[in-house]
Amino acid sequence: MYAVIKVGGKQYRVEKGESLLVDRMNASEGDKVTLDPLLFADGKNSVFEGADLEKIKIEAVVTGHERGPKVHVLKYKPKRGYKRRTGFRADLTRLEIRDIKMLQRRSPAVKDAKEAEDTPKAEAAAEEKPKPAGTRKAPAKPRTQAKKETEDGS
């Protein structure tokens, strides 16, 4: 059984008990994190549709924050004496996948998130009122009249 998850704009294939490095997350060490599934595959069936993916829950624990290997960047332009050497180390978070579950119904966290997305839109539509008729701007003069006035004046 495995799943494909999306973390930090990247996709990873994970299995239960696996450890993986992802871009730095705001969670502290020891926190439990629920990850977004994109695909779930079991020996019998696979799920990759929106309504069924809401029933899948992937739990992970942050086991630590690390830094990746140093990447050296060299810039050189011949015959000009131009040399630059810089380096970069990525900030990473190590996650351990604790459990991959397929629930019978949507998880409460997903349900609350969907409701939170829907309610502001409904409230904004209800609060939107038509503007009073007296606040409209006067119509602009046609361009042909404006050109004739400038030609007559010169």
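Things worth noting here:
- Within region 32-54, the set of residues being farther than 30 Å from Asp91 by Cβ and touching a Lys or Arg at 6+ places or on another chain (Cβ under 6 Å) comprises just one member, Glu54.
- For region 66-84, residues that are in a strand (DSSP E or B) and not charged (D, E, K, R) total 6.
- Some residue of region 39-54 being of a type in the set (D, E, K, R), open to solvent by less than 60 Å² (accessible area, probe 1.4 Å) and either touching a Leu at 6+ places or on another chain (Cβ under 6 Å) or more than 17 Å from Met1 (Cβ to Cβ) (or both): yes
- Members of region 81-106 that are hydrophobic (A, V, I, L, M, F, W, C) and open to solvent by less than 60 Å² (accessible area, probe 1.4 Å): Ala90, Leu92, Leu95, Ile97, Ile100, Leu103
- Each residue in region 99-117 was checked for being modelled with pLDDT of 65 or more and closer than 12 Å to Pro37 by Cβ, and 4 of them qualify.
- Any chance Val61 is at pLDDT 70 or above, open to solvent by 70 Å² or more (accessible area, probe 1.4 Å) and out of contact with any Ser or Thr (no Cβ under 6 Å at 6 or more places or on another chain): no
- Every condition in (1) exposed (fewer than 10 other Cβ atoms within 10 Å of the Cβ); (2) modelled with pLDDT under 80; (3) not acidic (Asp, Glu) is met by Pro78 except one, and the failing one is (2).
- Filtering Ala122, Ala140, Ala51 for residues that are hydrophobic (A, V, I, L, M, F, W, C), modelled with pLDDT under 80 and part of a helix (DSSP H, G or I) leaves a single hit, Ala122.
- Close pairs from region 1-14: first free of Cβ contacts under 8 Å to residues at least 40 places away in the same chain, partner open to solvent by less than 50 Å² (accessible area, probe 1.4 Å) and among the charged types (D, E, K, R), Cβ under 7 Å, at least 6 apart: none
- Residue satisfying all of: in region 1-24; among the hydrophobic types (A, V, I, L, M, F, W, C) and open to solvent by 40 Å² or more (accessible area, probe 1.4 Å); farthest from His65 (Cα to Cα) among these: Met1
The values are calculated or read from the model by the stated rules, or taken from the named source; none is laboratory data. What you see is a predicted model; the values in this text were computed from it and never measured. With ideal geometry, Cβ positions are generated from the backbone for all residues, glycine too; neighbour counts draw on all protein chains shown. When the accessible area is computed, the model is the full protein with side chains, heavy atoms only, and any ligands, DNA or RNA have been set aside. Shrake-Rupley method; radii C 1.70, N 1.55, O 1.52, S 1.80 Å.
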